[in-house]
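Chemist: First, the structure itself, so that you have it in front of you.
The values are calculated or read from the model by the stated rules, or taken from the named source; none is laboratory data. Being a predicted model, the structure only gives us computed values, none of them experimental. Neighbour counts run over all protein chains shown; Cβ positions are idealised from the backbone, glycine included. Calculation scope for accessible area: heavy atoms of the full protein, side chains included, ligands and nucleic acids excluded. Shrake-Rupley method; radii C 1.70, N 1.55, O 1.52, S 1.80 Å.
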Amino acid sequence: MPERVGSTPRRPGRPALDAGVPDESVVLARGLEAFAELGYDRASARELARRLGVSHNFINDRYGSKAKFWYAVVDWALEAHQRDRLPLREADFDEEQYLRAVITHFYRRTVDTPLLGRLLADEFSRESERVDYLYERYIKPELDALSPSIDRLVAAKRMAPVSMDVFFFAVIGPASALVQNPLAHRLGRPETETHRDLVHTAEQLATLIVDGLLATGRSGGDPAHRDGRP
């Protein structure tokens with residue numbers, strides 16, 4: 001897939017793209033915006049074409065179908081996340097440092113790509129082939145890479161045993177604090193918060209979650225079994 005560029009997609013109703021073939025990164029960025037705001041089912045081919053500023057048959061001609069366009073959008077967005085995480089696996093971290101680095105990176109990327117977070121939250125809420133795709137291609141490989149560190153932390157009694165589904169949602173769930181701005185503002189977050197402020201919030205959130213995951217191990221308590229059963 002083409003590398004992502006820093007262009008910001010315009011809102012619905014924006015003028016059509018200049019004549020000629022649209023830039024691939026612009027098409028994918030606008031597709032991400034559309035799927036995040038509308039959801040897959042409501043993002044009709046006609047509405048996608050309108051938002052992309054292209055002819056009604058552009059998606060079928062270039063990608064084959066709306067479904068294949070969705071896969072192209074998701075691959076474009078998530079493969080950038082994967083590339084960014086590769087240095088973490090090669091860094092000289094101990095298990096706790098690696099866990100902290102991965103979770104902190106996830107929250108920082110959520111700040112930078114809120115539309116992706118909205119798209120994923122919507123897809124995770126219902127059964128579909130798209131959930132299968134997300135799990136097999138992106139979620140499972142990431143958890144498989146992280147699992148040995150978690151196992152070693154548990155074995156060293158530095159972390160309470162927990163089932164993988166509980167661990168995943170313990171990390172993923174709080175990311176809503178970084179993308180649900182209308183509620184966050186009502187809870188006291190400043191309307192004028194800058195990107196730097198949001199990154200600081202992401203880092204605070206990572207510290208809170210990792211310290212919570214490691215709290216039982218540090219306190220010397222008697223944690224439950226890894227599968228979450230007593």
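Chemist: Considering region 88-108 alone, what residues qualify as being in a helix (DSSP H, G or I) and closer than 22 Å to Ala155 by Cβ? Step through it out loud before you land on a result.
Modeler: Step one: of region 88-108, the residues in a helix (DSSP H, G or I) are 88-90, 95-108.
The answer is Leu88, Arg89, Glu95, Glu96, Gln97, Tyr98, Leu99, Arg100, Ala101, Val102, Ile103.
Chemist: Scan region 24-66 for residues that are surrounded by fewer than 16 Cβ atoms within 10 Å (Cβ to Cβ) and either more than 25 Å from the chain's Cα centre (by Cα) or in contact (Cβ under 8 Å) with a residue 60 or more places away in the chain (or both) and report the count.
Modeler: Residues in region 24-66 being surrounded by fewer than 16 Cβ atoms within 10 Å (Cβ to Cβ) and either more than 25 Å from the chain's Cα centre (by Cα) or in contact (Cβ under 8 Å) with a residue 60 or more places away in the chain (or both): 9 in total.
Rundown of residues vs (1) within 19 Å of the chain's Cα centre (by Cα); (2) surrounded by 14 or more Cβ atoms within 10 Å (Cβ to Cβ); (3) modelled with pLDDT under 90, yes/no style:
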position: Pro161; (1), (2), (3): no, yes, no
position: Phe167; (1), (2), (3): yes, yes, no
position: Ser176; (1), (2), (3): yes, yes, yes
position: Val179; (1), (2), (3): yes, yes, yes
position: Thr192; (1), (2), (3): no, no, yes
position: Leu198; (1), (2), (3): yes, yes, no
position: Leu205; (1), (2), (3): yes, yes, no
position: Leu214; (1), (2), (3): no, yes, no
position: Ser219; (1), (2), (3): no, no, yes
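Chemist: Out of region 181-190, which residues are open to solvent by less than 50 Å² (accessible area, probe 1.4 Å) and among the small types (Gly, Ala, Ser)?
Modeler: Listed by number, the list holds a single entry, Ala184.
Chemist: Restricting to region 96-135, count the residues that are within 16 Å of Ala77 (Cα to Cα), touching a helix residue (DSSP H, G or I) at 6+ places or on another chain (Cβ under 7 Å), surrounded by fewer than 19 Cβ atoms within 10 Å (Cβ to Cβ) and of a type in the set (Gly, Ala, Ser).
Modeler: Adding up the residues that qualify gives 0.
Chemist: Based on what the data block shows, is Arg85 open to solvent by 60 Å² or more (accessible area, probe 1.4 Å), part of a helix (DSSP H, G or I) and of a type outside the set (Val, Ile, Thr)?
Modeler: So Arg85 fails the test.
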